[in-house]
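Chemist: Let me begin by handing over the structure; questions about it come next.
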Amino acid sequence: MKKGNKNFKIDFVGIGAMKSATNWIFSYLQKHPEIANTSKKEVHFFDIDHNYRKGIEYYKKSFGEFGSQKIVGEYTPRYMYKTKCAKRIYKHFPDVKLIANLRNPIQRAYSHFKYSWSTRGRLYIFDSFSEAIKNDEEMVKRGLYYKQLKEYYNRFPPENIYVDLFNNLKNDSKKF
């Protein structure tokens, strides 16, 4: 929280998409001297009901104390996928800036599958990527970016939503 500011405010929220270089983006944001991020990526305040029910005071604790010169924000890629998050974020922070990084939906799904296999995650039950796509509805739905971003564009002004592509980052990370 910004010192001297009784009204808690955040400046940006990274909303996704999963497996679209969100870890890389978050790590670079953490290194910037003018940005104060949460101590960990993926706070899961707006997407997990029991966290959200704890209230904004609970959310504040994720940020600690920062000088007023700091830009404050967090990055939880699941916020883009869970449609209720747009409404919740807007309720508390209608002027916040949003960051969405997108990746080719098939490449995103394949990366998700490989990651889940390497960590023995929820997709580990499937023997192949094609089996996961056929049997796990979420794998496909996570790539429906228009539907997900529409929830944000319905609430926030377009100038508050920054959308970029994974390939732009991959092709020229400095420019990104």
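Chemist: Connecting C-alpha atoms closer than 10 Å in a GNM of the chain, tell me which of ILE15, ILE35, ILE99 has the biggest fluctuation.
Modeler: Looking only at ILE15, ILE35, ILE99, the largest GNM fluctuation is found for ILE35.
Chemist: Helix-derived [θ] at 222 nm for the chain: sum -39500 (n - 2.57) over DSSP H runs of at least 4, divide by residue count, nearest 500?
Modeler: Per the formula, -10500 deg cm²/dmol.
Chemist: I need the peptides 103-114, 122-133 ranked by packing, meaning the mean over residues of other C-beta atoms within 10 angstrom, with the highest value on top.
Modeler: Taking the mean over residues of other Cβ atoms within 10 Å, the ranking is 103-114, 122-133.
Chemist: Could you please tell me the mean projected area of the C-alpha convex hull for region 114-176, averaged over all directions and given in square nanometres to one decimal?
Modeler: 6.4
Chemist: Same structure, new question: From largest accessible area down, sort ASP136, ASP95; use a 1.4 Å probe on the protein chains.
Modeler: From most exposed to least exposed: ASP95, ASP136.
Chemist: Output needed for region 44-88: three equivalent-ellipsoid semi-axes, defined as square roots of 5 times the C-alpha gyration tensor eigenvalues, in descending order, whole Å.
Modeler: Semi-axes from the Cα gyration tensor: 21, 13, 8 Å.
Chemist: If a/c stays under 1.5 just call it rounded; otherwise compare a/b with b/c (prolate if a/b is bigger, oblate if not). Do that for region 11-65, with a ≥ b ≥ c from the square roots of the Cα gyration tensor eigenvalues.
Modeler: oblate
Chemist: Turning to a different aspect of this structure: I'd like the carbon and sulfur percentage of the solvent accessible area for the chain, probe radius 1.4 Å, heavy atoms only, ligands and nucleic acids excluded.
Modeler: 52
Chemist: Let me ask something else. Need one number: nm distance between label points at ARG88 and GLN30, each 7 Å from Cα along Cα→Cβ, rounded to one decimal.
Modeler: Distance between the two pseudo-spin positions: 2.3 nm.
Chemist: Between region 19-90 and region 92-166, how many Å separate their Cα centres?
Modeler: Cα centres, region 19-90 to region 92-166: 17 Å.
Chemist: Sorted by average packing, counted as other Cβ atoms within 10 angstrom per residue and highest first, what order do 50-58, 163-171 take?
Modeler: Result, highest mean first: 163-171, 50-58.
Chemist: Using a 1.4 Å probe, what is the accessible area per residue for the chain, in Å²?
Modeler: Computed with neighbouring chains in place, this is 57 Å² per residue.
Chemist: Could you sort out which of LYS40/LYS60; LYS9/LYS82; LYS87/LYS114; LYS54/LYS141 sit more than 24 Å apart by Cα distance in this structure?
Modeler: On the way: LYS40/LYS60 13 Å; LYS9/LYS82 22 Å; LYS87/LYS114 32 Å; LYS54/LYS141 28 Å.
With Cα atoms farther than 24 Å apart: LYS87/LYS114; LYS54/LYS141.
Chemist: Using only the Cα atoms of the chain, what do you get for the radius of gyration and for Dmax, in Å?
Modeler: When restricted to the Cα atoms of the chain, Rg and Dmax are 16.7, 54 Å.
The values are calculated or read from the model by the stated rules, or taken from the named source; none is laboratory data. What you see is a predicted model; the values in this text were computed from it and never measured. A quick note on method: Cβ atoms are made from the backbone with ideal geometry, for glycine too, and the neighbour counts reach across all protein chains shown. Surface accessibility is based on the protein's heavy atoms, side chains included, excluding ligands, DNA and RNA. Shrake-Rupley method; radii C 1.70, N 1.55, O 1.52, S 1.80 Å.
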